[in-house]
Amino acid sequence: MLTQLTWQLEAIFGLIFPEQCVICGWAGGLICKPCRSRLEPYPLAPTPVGLDAMSVAWLYDREVRHAIHALKYQRQQRVALALADALADGLTAPPGEALIPVPLHPRRLAERGFNQAEVLARRLAWRWHLPVRAEGLVRARETGHQAQLGQKERQSNVAGAFVWQAPRPPPARVLLVDDVLTTGATLIACANALRAVGTREVRAVALARSLAPQGRVLQ
Ligand SMILES: [Zn+2]
């Protein structure tokens, strides 16, 4: 409740004193309108095997990369809110009973101070009137950076890295939330962990995908 009030106050404050855009630096809001219009939509692509559906907003290129970099490495959590809003504006709420953010390993969480996927999930949940279940899915094993790995290697690298640890089982229909995906190996590993404890349907939503339609990896 307090978070929602804070978000509303920030929105009003932002109209009076617009913040600098994290992409171009113009004082037109965290992601200004011209930059927002330049974000390249991700084309329709087959859903990775292991997920029931997947929605990706943008190609991970130029402006999107810049904004997500600000979010992850300059610790600008509010960029996640702006990106989540832009995503929600272009997407009707996918079916699902609850949103589950892809968890970080506790060590990575301690380094960064927040899980960007959870910030996204909480904002999307607020927009879509759905609950968030952030406590059950756990990254039990560190998987390192996957940038240099191929599709098969990515899958074996994250296989079994996630487990469900809450006493209450996960919902039957889940909407996984992540910031950037490449092959989808992490989302599939999360989906497998959820299915192992009773979830039947796993959809996923992400800001951006770093696998270009022609198969080139954009890192
Ligand atoms: Zn801008």
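The values are calculated or read from the model by the stated rules, or taken from the named source; none is laboratory data. All figures in this text were calculated on a predicted structure; none of them were measured in a lab. We place every Cβ from the backbone using ideal geometry, glycine too, and count neighbours over all the protein chains shown. Calculation scope for accessible area: heavy atoms of the full protein, side chains included, ligands and nucleic acids excluded. Shrake-Rupley method; radii C 1.70, N 1.55, O 1.52, S 1.80 Å.
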How far apart, in nm, are the 7 Å Cα→Cβ label points at Trp128 and Arg216? 3.1 nm
In terms of modelled amide H atoms, which long-range or inter-chain residues lie less than 5 Å from the amide H of Ala172? none
Can you list the residues, at least 5 places off or on another chain, whose amide H is less than 5 Å from the amide H of Ala98, using H built in the peptide plane? Leu175
Rounded to the nearest 500, what is the 222 nm mean residue ellipticity of the chain from helices alone, with -39500 (n - 2.57) per DSSP H run of 4+ residues and division by all residues? -11500 deg cm²/dmol
Could you derive backbone 3J(HN,Hα) for region 105-120 from the dihedral phi with the Karplus parameters 6.51, -1.76 and 1.60 (θ = phi - 60°), listing whole Hz in sequence and x where the residue is Gly or Pro? 5, x, 5, 5, 4, 5, 5, 7, x, 7, 9, 4, 5, 6, 4, 4
Over region 40-209, what is the relative contact order in percent, taking alpha-carbon pairs closer than 8 angstrom and at least six residues apart? 31 percent
Give me a comma-separated list of calculated 3J(HN,Hα) values for region 206-219, in order, Karplus coefficients 6.51, -1.76, 1.60 applied at θ = phi - 60°, integers in Hz, x for any Gly or Pro. 9, 5, 8, 10, 9, 9, 5, x, 8, x, 7, 8, 9, 10
Amide hydrogen neighbours beyond the local backbone of Ser55, cut-off 5 Å, H modeled: Ala204, Val205, Ala206
If you count only protein heavy atoms with a 1.4 Å probe, what accessible area per residue comes out for the chain, rounded to a whole Å²? 51 Å²
Applying the Karplus parametrisation 6.51 cos²θ - 1.76 cosθ + 1.60 with θ = phi - 60° to the phi angles of region 27-44, what ³J(HN,Hα) value in whole Hz is obtained for each residue in order, glycine and proline being reported as x? 7, x, x, 4, 10, 5, 4, x, 5, 4, 6, 8, 5, 8, x, 6, x, 4
Highest GNM mean-square fluctuation among Gly136, Gly184, Gly25, for the chain with Cα springs under 10 Å, belongs to Gly25
State the antiparallel share, in %, of DSSP beta bridges confined to the chain, rounding to the nearest 5. 20 percent
Highest average packing first - 162-168, 50-56, Cβ atoms within 10 Å: 50-56, 162-168
